[in-house]
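Notes to accompany the following structure.
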Amino acid sequence: MIRPPFPTCFLQWGIPMRERTSGRTVGGFRNVFLQGPAVTLLLLWMLVPLGMTLWFSFQRYNLINPMISGFAGWDNYTYLLTDPALWTAMGNTLLLVGWVLAISVIGGTLLAVLFQQEFFGRGIARLLVIAPFFVMPTVGALVWKNMLMHPVNGVFAWLSGLLGLPVIDWFSSMPLASIIIIVAWQWMPFALLILLTAIQSLDDDQVEAARMDGAGPLAIFWFITLPHLKRAISVVIMIEMIFLLTIFAEIFVTTSGGPGLASTNLAYFIYIRALLDFDVGGASAGGVIAIILANIVAIFLIRTVAKNLET
Amino acid sequence: MNPTMTKKLLLTLLAWGIALIVFFPIFWMVLTGFKTEGEAVATPPSLFFEPTLAGYHEVMARADYLKFALNSIVISFGSTLLALIVAIPSAYSMAFLPTKRTRGTLLWMLSTKMLPPVGVLMPVYLLFRDMGLLDSQLGLTIVYMLMNLPIVVWMLYTFFKDIPKDILEAGRMDGAGTLQEVLYLLLPLTLPGIASTGLLSVILSWNEAFWSLNLTTSDAAPLTAFIASFSSPEGLFWAKLSAASTLAIAPILIFGWLTQKQMVRGLTFGAVK
């Protein structure tokens with residue numbers, strides 16, 4: 001490395017720096033100064049609300065009834081955990097996450113292989129197929145709800161009429177499945193986008209060599225493509241999980257969690273507790289549960305990312 | 001016709017078929033935006049019709065549509081600008097002055113993204129209520145800035161790291177201080193990277209719908225909340241909804257198409273290249 005004949009540090013705002021034996025400069029104060037704002041903001045953003053959520057979750061605190069106050073101990077948690085509604089919401093959350101993951105990852109992988117092939121108009125077809133990911137969730141959900149799944153005027157109702165099938169009233173007869181379809185429509189393009197990028201780094205020579213050895217397309221997919229995509233797939237799964245655990249807008253504009261609790265997930269359940277029932281304590285206890293769930297996934301994701309990070 | 005050609009045609013048919021099915025809801029929405037309210041709900045759905053701009057006129061005529069659009073623009077661009085200002089020095093020091101702690105700091109920043117918003121809904125709502133930030137552009141701008149800060153730092157870090165250190169060294173030899181170094185060397189060199197980072201942050205803020213639905217009511221509500229107001233039964237005007245939705249997603253769709261490559265990098269924190 002070319003070095004100036006004098007310590008460079010004195011040129012930069014005159015803050016002295018130490019030099020490490022490896023030749024790398026150690027920022028010291030300067031790093032603190034440069035990274036300080038970002039780190040401080042994120043630290044506040046994380047610790048203050050997190051601390052408050054924890055604190056509230058042990059309090060009796062209702063926004064419309066100031067008579068309810070004081071330390072609650074584990075009451076909010078026991079009340080919440082013995083509430084069957086929580087377990088319905090948990091079950092719905094798992095169904096939603098599981099189904100959307102299955103559809104988007106399997107669909108995304110197969111489509112990535114398809115859209116990697118040579119065909120006419122590939123560039124434009126790719127743009128069309130990833131488009132749903134960029135559509136704001138409230139728009140996507142309302143378009144599906146009103147124009148496609150509407151039992152009277154929707155396109156699906158018209159299609160089933162043409163085919164002589166019974167018309168389905170999507171949101172009252174299968175609310176959770178309808179939401180799964182909408183959310184999967186938004187997230188499959190995400191999986192496709194990531195996996196298509198990953199598949200492009202696949203070594204063509206390797207595929208060619210396998211073909212020469214007589215491997216069919218299925219064998220190539222199973223023994224070469226899929227192992228190559230393994231890490232990308234696991235990253236997609238983890239990122240989607242974190243977002244899918246707290247799906248909110250799609251439920252808010254379509255079913256409002258109903259009918260009954262049929263399409264209420266954990267995020268919507270907490271929202272009802274918080275801003276409709278004004279039960280701060282209960283909502284916060286629910287929040288703590290959501291945070292714990294997300295962190296179980298996050299630990300694995302951060303580990304995977306860390307492996308890839310050389311500094 | 002030779003077999004490779006046949007294969008290519010079959011692939012074209014299959015891939016385009018799937019692409020059109022996936023894109024159909026968006027296509028249908030854009031189409032419905034050009035119908036009259038009567039045609040919009042017609043059964044069988046009309047594919048050929050006299051296109052009208054009535055839906056668009058009606059949406060634009062409502063003064064509040066512009067208010068929502070303006071809120072979206074101010075909040076998403078404002079939060080992006082703030083995030084970039086805070087993130088650039090941080091990413092600079094991580095890329096060019098790495099220490100033993102850099103890796104840990106980056107991973108810790110990533111971990112703050114894992115906090116589910118619903119887990120901290122109550123405290124943020126109450127803090128904002130007490131500080132008068134509920135239903136204000138500033139409040140949502142701050143939240144989005146913090147929400148995107150880890151991704152912005154992370155993406156900038158990966159772009160900065162690609163810049164050969166020698167170039168900065170050379171600038172330093174010519175007597176450039178850190179500020180000049182960043183302003184005259186680093187920023188011009190990484191402008192495409194910074195632009196795509198900014199676009200990603202704008203896209204994420206523009207489409208965010210948890211905080212916007214919970215922290216705003218009318219004054220500062222962005223387009224996500226405006227569109228959500230169409231979910232009430234009395235708000236069922238499909239042509240108008242479609243026109244408004246098309247306007248709301250068009251710029252973001254174009255941004256997204258333009259930055260898809262860099263987006264993969266940003267969204268997966270560099271784990272997929």
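Once the 1.4 Å probe is applied to the protein heavy atoms, segment A:75-307 comes out at 40 Å² accessible per residue. For chain A, modelled as a GNM with alpha-carbon contacts under 10 angstrom, which of A:204, A:169, A:279 fluctuates the most? Per the Cα network of chain A with a 10 Å cutoff, A:204 tops the list. Picking from B:258, B:11, B:134, which is most flexible by a Gaussian network model of chain B using Cα springs under 10 Å? So, out of B:258, B:11, B:134, the one fluctuating most is B:11.
Using C-alpha pairs below 8 Å separated by at least 6 residues, the relative contact order for chain A is 26 percent. With the cut-off at 1.5 for a/c, could you classify chain A from its C-alpha gyration tensor as rounded, prolate or oblate? Oblate shape, in that a/c is at least 1.5 and b/c is the bigger or equal ratio.
Sum up the charges of everything whose Cβ sits under 15 Å from the Cβ of residue B:14, counting Lys and Arg as +1 and Asp and Glu as -1, but leave residue B:14 out. Don't skip to the answer; put the middle values down first.
Values: positive: A:122, A:126, B:7, B:8; negative: A:118.
Once positives and negatives cancel, what remains is +3.
Could you tell me whether the protein assembly as shown comes out rounded, prolate or oblate from its Cα gyration tensor? Rule is a ≥ b ≥ c as square roots of the eigenvalues, rounded for a/c under 1.5, then prolate if a/b exceeds b/c, otherwise oblate. It comes out oblate by the Cα gyration axes.
Would you mind giving the total buried accessible surface between chains A and B, with a 1.4 Å probe and ligands, DNA and RNA left out, rounded to the nearest 100 Å²?
Roughly 9900 Å² of accessible surface disappears when A and B pair.
The residues of chain B expose, per residue, 40 Å² of accessible area to a 1.4 Å probe. Solvent-accessible area assigned to carbon and sulfur over the protein assembly as shown amounts to 71 percent, based on a 1.4 Å probe.
Contact order, relative form, for chain B: 31 percent (alpha carbon pairs under 8 Å, 6 or more residues apart, mean separation divided by residue count). Between residue A:165 and residue A:223, the FRET efficiency from the beta-carbon distance, with R0 = 35 Å, is close to 0.30. Amide H contacts of residue A:59 (H built 1.01 Å from N, in plane; Pro and chain starts excluded): A:72 sit under 5 Å, all sequence-distant by 5 or more or on other chains.
Mean-square fluctuations from a GNM of chain B, with a 10 angstrom spring cutoff on Cα atoms, peak among B:86, B:202, B:41 at B:41.
Taking a ≥ b ≥ c as the square roots of the eigenvalues of the Cα gyration tensor, segment B:116-249 is prolate, since a/c reaches 1.5 or more and a/b is larger than b/c.
The values are calculated or read from the model by the stated rules, or taken from the named source; none is laboratory data. Note that this is a predicted model, so its numbers are computed, not measured. Neighbour counts run over all protein chains shown; Cβ positions are idealised from the backbone, glycine included. Accessible surface is based on the protein model in full, side chains and every heavy atom, while ligands, DNA and RNA are left aside. Shrake-Rupley method; radii C 1.70, N 1.55, O 1.52, S 1.80 Å.
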